[in-house]
Amino acid sequence: MGCIENKTTPANGSSARDFNAFEVMEPRLPLKTPVDRRNGRNVKDNDIPPEGVYLPNNNFLAPHMQSPEYVQLSTAAAITLGVMGGRMYGCECTRCLNLLLTYPEGCRANCAYCGLARHREADRDYADRNFIRVDWPAVPMAEIVDIVAKDPDASQFHRMCISMITHPRSEEDTFTVLKQWTDRIDPEAIPVSILSNPTTMTREDVRKTRDLGADIFTVALDAATPEIFDRTRGKGVQSPHKWSKYWEILEDARDIFGPQKFGAHIIVGMGETEHEVLDLVQKLVDLGGHSHMFCFFPEQGSLMDHLPATPRDQWRRVQLARYLIDYREVRVEQMRFDELGRVVDYGIPEHELSSVIDEGIAFRTSGCPGKFRDDISACDRPYGDSPPSDIASYPFQPKKKDLRKIRRELDIPVRVE
Ligand code: SF4
């Protein structure tokens, strides 16, 4: 427990609106899906054969594509791989090849903040749904492997990641996609992470991903507390996930993958206090793992698209404190929080804090490491949690002008010890 004066959340969360309070962050309820749109029925009934790369377009009926033959990949990964044109603000490429399993019936869960959620089958075919603010083109897995296998050592990708979704076939297809990759591409050249779906997984499944060549296993807890988890991805939105099952698989990952080789995703700003999320960060570090942070953004079409994005000052405080806990051996107990659970003291002398801020790494996207250094994520997810005009997670090294903005957002009352 950190030193806290009085940890409560204001009734309306609006006094300074510098954080997203629990009471404000209530998802809307999913509506009923018409029968003819359920389970990807229109895509399966029309059965249009796919032809190569599919770029999402909600004006056509999506072709009938499914894993393991097809996977979706982030817009940034598609541009970097060369299967799609485009440029990204501030970065030449992404360092992580993020893959997503795909099926006409899509993800069977209904997480309130997610663009892939089941309730969206009412208005959009699965392959056309936006996820973390971008489109996900669908590409034959064999084509991806062919491109990267030509020269893995020279690839711009420092890591590949398979994102499982909630689907009865997701374990088997993850094994197939992983094997297809490691049969041709040495994981020493491009290591592989698994972003798991604990709801349908067993301990044996976790072990199998390691045996097939994955080196990091992550669990998308997403919510920082059990109450927020239930409200946003459990029974609150008719979704199947359970906090206890996510922790069971996270602990399996710790046992099987070992220290520094497992982690959890957490979305900041869905109603938790800063103290609550940083307590969770500390718990993960104490277990031997890492936290990968996302700033809440109201994804268009999701059940939380009417809610405010995380204010930048809340996000910056949590980003900075999380970096200190994860990489600078500062403990949450050394930090001090105000009566609303906000960080008011980071627990280290001002000059040390200043040099961490000026180094800028704390404000970059967090995730599994690449080839630069342990605290620089390969998974840079360009603009996955904010627009380029108001960056939350920097997909590039922040420049001087960025750091000036970050300092303004932080407005830190630093103490000299
Ligand atoms: S399980 Fe993952 S992909 Fe499916 S709705 Fe939830 S967050 Fe989205």
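Name all residues of segment 217-255 having a backbone nitrogen under 12 Å from the label point set 7 Å from the Cα of Leu287 along its Cα→Cβ direction, giving them as ranges.
217-222, 243-255
Starting at the first residue of segment 278-293, write each ³J(HN,Hα) from the Karplus equation 6.51 cos²θ - 1.76 cosθ + 1.60 with θ = phi - 60°, in whole Hz, x for Gly and Pro.
These are the phi-based 3J(HN,Hα) values: 6, 4, 5, 4, 5, 4, 5, 5, 5, 6, x, x, 10, 10, 10, 9 Hz.
Around Ser377, which amide H atoms from residues at least 5 apart in sequence, or from another chain, sit under 5 Å from its own amide H, with H modelled in the peptide plane?
Excluding prolines and chain starts, which carry no amide H, the hits are Gly367.
Give the average over all directions of the projected area of the C-alpha convex hull of segment 146-215, one decimal, in nm².
Dividing the Cα hull surface by four gives the mean projection, 4.5 nm².
Suppose each label sits 7 Å from its Cα in the direction of the beta carbon; what would the Ala122-Glu251 distance come out to in nanometres?
3.9 nm
Normalized C-alpha radius of gyration of segment 58-159, against 2.2 N^0.38 Å?
1.12
Of Arg316, Arg407, Arg95, which is the most mobile in a GNM of the chain whose springs link Cα atoms less than 10 angstrom apart?
Arg407
Per residue of segment 97-113, in order, report the coupling 6.51 cos²θ - 1.76 cosθ + 1.60 (Karplus, θ = phi - 60°) as ³J(HN,Hα) in whole Hz, putting x for Gly and Pro.
8, 8, 10, 9, 5, 9, 8, x, 7, x, 6, 8, 8, 9, 4, 5, 9
Given a 1.4 Å probe and every protein chain left where it sits, what share in percent of the accessible area of the chain is carbon and sulfur? It would help to have the intermediate numbers written out before the result.
Working: 8310 of 16620 Å².
The C+S portion of the solvent-accessible surface of the chain is 50 percent.
Determine the shape class of segment 185-247: with a ≥ b ≥ c the square roots of the Cα gyration tensor eigenvalues, call it rounded for a/c under 1.5, and otherwise prolate if a/b is greater than b/c, oblate otherwise.
Verdict is prolate for segment 185-247.
Quick one: grab the alpha carbon gyration tensor of segment 260-379, order the square roots of its eigenvalues as a ≥ b ≥ c, and give me rounded if a/c is under 1.5, else prolate or oblate depending on whether a/b is larger than b/c. It would help to have the intermediate numbers written out before the result.
Numbers: a/c = 1.57, a/b = 1.18, b/c = 1.33.
Since a/c reaches 1.5 but b/c is at least a/b, the shape of segment 260-379 is classed as oblate.
What does the charge count around Pro30 come to, taking other residues whose C-beta lies under 10 Å from its C-beta (Lys +1, Arg +1, Asp -1, Glu -1)?
+4
With charges only on Cβ, +1 for K and R and -1 for D and E, what is the dipole size of segment 12-99 about its Cα centre, in debye, rounded to 20?
Using Cβ point charges on Lys, Arg, Asp and Glu, segment 12-99 gives about 140 debye.
Give me the net charge of Val219's neighbourhood, meaning all other residues with Cβ under 12 Å from the Cβ of Val219; Lys, Arg count +1, Asp, Glu -1.
Summing Lys and Arg as +1 and Asp and Glu as -1 gives -2.
Could you tally the net charge around Ile376, taking each other residue with its Cβ under 15 Å from the Cβ of Ile376, Lys/Arg +1 and Asp/Glu -1? Intermediate values should be presented prior to the final figure.
On the way: positive: Arg95, Arg159, Arg322, Arg328, Arg364, Lys371, Arg373, Arg381; negative: Asp326, Glu359, Asp374, Asp375, Asp380.
Taking every other residue near Ile376 into account, the sum is +3.
Provide the packing ranking of 173-183, 370-380, i.e. peptides ordered by the mean count of other C-beta atoms within 10 Å per residue, highest first.
Final packing ranking: 173-183, 370-380.
For Leu195, what accessible surface area do you get with a 1.4 Å probe? Give it in Å², rounded to 10.
30 Å²
Just how large is the dipole of segment 147-214 about the Cα centre, in debye to the nearest 20, putting +1 at every Lys and Arg Cβ and -1 at every Asp and Glu Cβ? Intermediate values should be presented prior to the final figure.
Values: 9 positive and 11 negative charges, 27 e Å.
My answer is approximately 140 debye.
Collect residues whose amide H, placed 1.01 Å from N in the peptide plane, falls under 5 Å from the amide H of Arg159; neighbours closer than 5 in sequence don't count.
Amide H neighbours of Arg159: Leu97.
Over segment 30-114, what relative contact order in percent results from Cα pairs under 8 Å that are six or more residues apart?
Reported as a whole number, the value is 34 percent.
Per the helix-only calculation at 222 nm, which mean residue ellipticity applies to the chain, given -39500 (n - 2.57) for every DSSP H run of n ≥ 4 and division by its residues, nearest 500 deg cm²/dmol?
-8500 deg cm²/dmol
With the other protein chains left in place, how much accessible area per residue, in square angstrom, belongs to segment 151-194 at a 1.4 angstrom probe?
Per-residue value: 38 Å².
May I ask which residue of Ala378, Ala309, Ser354 lies farthest towards the positive end of the charge dipole of segment 282-392, with charges of +1 (Lys, Arg) and -1 (Asp, Glu) on Cβ and the Cα centre as origin?
In segment 282-392, that residue is Ala378.
Give me the percent of DSSP beta bridges within the chain that run antiparallel, rounded to the nearest 5.
Details: 12 of 38 bridges.
Just about 30 percent of them are antiparallel.
How long is the gain from Thr176 to Ser355 if the chain were fully straight, where each residue apart is worth 0.36 nm and the alpha carbon distance is subtracted?
Full extension of this stretch gives 59.9 nm more.
Would you mind checking Lys283/Lys400; Lys245/Lys405; Lys150/Lys261; Lys261/Lys405; Lys150/Lys242; Lys44/Lys179 for any pair whose Cα atoms are more than 30 angstrom apart? Mind dumping the intermediate values first?
Numbers: Lys283/Lys400 33 Å; Lys245/Lys405 40 Å; Lys150/Lys261 28 Å; Lys261/Lys405 33 Å; Lys150/Lys242 42 Å; Lys44/Lys179 27 Å.
Where the Cα-Cα span goes over 30 Å, the pairs concerned are Lys283/Lys400; Lys245/Lys405; Lys261/Lys405; Lys150/Lys242.
At a threshold of 8 angstrom on Cα-Cα distance, excluding pairs fewer than six apart, so keeping six or more, what relative contact order does segment 55-182 reach in percent?
On the way: 197 pairs, mean separation 44.2, N = 128.
Relative contact order here is 35 percent.
Taking the Cα centre of segment 260-389 as origin and charging only Cβ (+1 Lys, Arg; -1 Asp, Glu), how large is the dipole, in debye to the nearest 20?
Numbers: 14 positive and 22 negative charges, 83 e Å.
I would put it at about 400 debye.
Name the most mobile residue of Pro387, Pro191, Pro398, meaning the one with the largest mean-square fluctuation, in a Gaussian network model of the chain with Cα contacts below 10 Å.
Between Pro387, Pro191, Pro398, it is Pro387 that shows the largest mean-square fluctuation.
Of the candidates Arg203, Arg364, Arg120, which one comes out as most mobile in a Gaussian network treatment of the chain with C-alpha springs shorter than 10 Å?
Of the options given, Arg203 has the highest mean-square fluctuation.
Quickly work out the Arg28-to-Ser389 label distance, labels modelled 7 Å from Cα along the C-beta direction, and quote it in nm with one decimal.
Result: 2.3 nm between the two label points.
In the chain, if the dipole is taken from +1 on Lys/Arg beta carbons and -1 on Asp/Glu beta carbons about the Cα centre, which of Ser239, Ala214, Thr176 is farthest to the positive end?
Ser239
Viscosity 1.567 mPa s, temperature 4 °C: Stokes-Einstein D of segment 135-261 from its Kirkwood Cα radius, in µm² per second? Display every interim value, and only then the final one.
Details: Rh = 15.7 Å.
Translational diffusion coefficient: 83 µm²/s.
Which translational diffusion coefficient, to the nearest whole µm²/s, is obtained for the chain from the Stokes-Einstein equation, given a Kirkwood hydrodynamic radius over C-alpha pairs, 4 °C and 1.567 mPa s?
Details: Rh = 21.7 Å.
Rounded to a whole number, D works out at 60 µm²/s.
The values are calculated or read from the model by the stated rules, or taken from the named source; none is laboratory data. In this text the structure is predicted, and so the values were computed from the model without any measurement. Cβ atoms come from the backbone with ideal geometry, glycine included; neighbour counts cover every protein chain shown. When the accessible area is computed, the model is the full protein with side chains, heavy atoms only, and any ligands, DNA or RNA have been set aside. Shrake-Rupley method; radii C 1.70, N 1.55, O 1.52, S 1.80 Å.
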